[in-house]
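Every read-out reported here was derived from the displayed coordinates using simple, explicitly stated rules and does not represent laboratory data. As the structure is a computational prediction, the values presented were derived from the model and not from experiment. Glycine also receives a Cβ, built like all others from the backbone with ideal geometry; neighbour counts cover every protein chain displayed.
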Amino acid sequence: MKIHDLRKVFCDVSRADLNFLLCNLFHCNPAQLAQFKELSESQISILYPWLERLRKGEPPQYIVQRAWFFGMVFYVDNRVLIPRYDTEVLVQALLQRLRGNEKVLEIGTGSAAISICLKKYFPDLVIHATDIDPKALQVAAINCQRKGVDIQLIEADLFPDNEMQYNVIVSNPPYISAAEYIKLEPQVRDYEPRKALLADDEGLSYYKKILLRAQPYLADRAILAFEHGATQQQQILALTESKGFKTLQKGKDLAMRDRFLILQKK
């Protein structure tokens with residue numbers, strides 16, 4: 001079967017999602033996809049069930065259990081959020097501020113993509129990563145094992161039960177408000193874990209909880225880094241300034257929307 005004909009049969013699915021599946025089928029990157037013109041019978045037998053799941057709205061990353069982030073492939077399934085390219089800007093900004101020997105805490109690690117990227121670039125970092133959901137930590141453990149990194153994964157409600165002080169605390173917490181949640185694309189709302197998306201108090205509840213409890217865990221001049229929603233930056237700045245943090249960096253994502261803050265303990 002020619003790929004051109006396949007696109008006609010499945011014209012109702014997103015071209016980007018179809019290309020994602022084809023790249024996984026051919027084990028190629030998007031730039032190489034054009035060289036493939038036809039599908040064998042065995043490839044069709046794999047691809048058609050994938051496409052039927054795609055038609056029902058399932059994210060392609062869950063279908064093939066793979067997601068790209070920061071140039072690496074991560075295992076994902078519906079126990080964790082799919083890593084987004086928008087989060088890469090936060091990782092890049094943090095890497096530019098690290099010496100490479102810090103103690104790092106990631107709160108709400110999910111697939112562990114952020115922690116693994118930091119550890120791969122700076123192997124001497126000591127990284128603890130928490131998540132309240134043991135199922136998410138199972139996925140994080142798979143990724144840590146596959147990437148060959150030593151990260152301590154801890155089941156905890158935000159902060160671990162220890163007395164360690166960290167040089168860096170980073171979090172991409174749930175920040176979607178109830179009003180925003182019902183407007184999400186069905187591919188996100190109906191398949192990705194609700195508890196990793198939805199937050200009370202107009203999406204700000206987890207920032208308030210982290211700021212309330214963070215001080216004992218922060219070493220002198222420690223960095224606190226947040227990803228946030230595109231309209232939340234000023235509200236979070238008001239919260240952090242009232243808690244005694246100074247702003248080191250306000251960051252935008254790839255679409256030039258406000259996306260992260262890097263703060264420092266005064």
Taking the Cα centre as origin and putting +1 on Lys and Arg beta-carbons and -1 on Asp and Glu beta-carbons, what dipole magnitude results for the chain, to the nearest 20 debye? 560
Of all beta bridges DSSP finds with both residues in the chain, what is the antiparallel percent, to the nearest 5? 45
Inter-centroid distance (Cα atoms) of segment 4-55 relative to segment 195-266, Å: 40
Would you work out the relative contact order for the chain, in percent, from Cα pairs under 8 angstrom that are 6 or more residues apart? 15
Using θ = phi - 60° and Karplus 6.51 cos²θ - 1.76 cosθ + 1.60, couplings along segment 95-104 (whole Hz; Gly, Pro as x): 4, 6, 9, 8, 8, x, 10, 6, 9, 10
Would you mind telling me which residue in GLN92, GLN235, GLN152 has the biggest mean-square fluctuation in a Gaussian network model of the chain, where springs connect alpha carbons within a distance under 10 angstrom? GLN235
With everything on Cα atoms, drop me the angle between helix 41-55 and the longest principal axis of the chain, reported from 0 to 90° to the nearest 10. 50
Residue pairs, from the table LYS120/LYS252; LYS209/LYS250; LYS37/LYS147; LYS208/LYS252; LYS119/LYS250; LYS183/LYS252, whose Cα atoms sit over 26 Å apart: LYS37/LYS147
Choice from LEU218, LEU105, LEU18 with maximal GNM fluctuation in the chain (Cα, 10 Å cutoff): LEU18
Within a Cβ distance under 15 Å of LYS183, other residues only, what is the Lys/Arg minus Asp/Glu net charge? -3
Name the most mobile residue of GLU241, GLU88, GLU155, meaning the one with the largest mean-square fluctuation, in a Gaussian network model of the chain with Cα contacts below 10 Å. GLU241
Determine, for TRP68, TRP50, the number of other Cβ atoms within 10 Å of each Cβ, and report the residues in order from fewest to most. TRP68, TRP50
Using DSSP to define loop residues, name the trypsin sites (Lys or Arg not before Pro) in segment 159-245 whose beta-carbon has at most 11 other beta-carbon atoms within 10 Å. LYS183
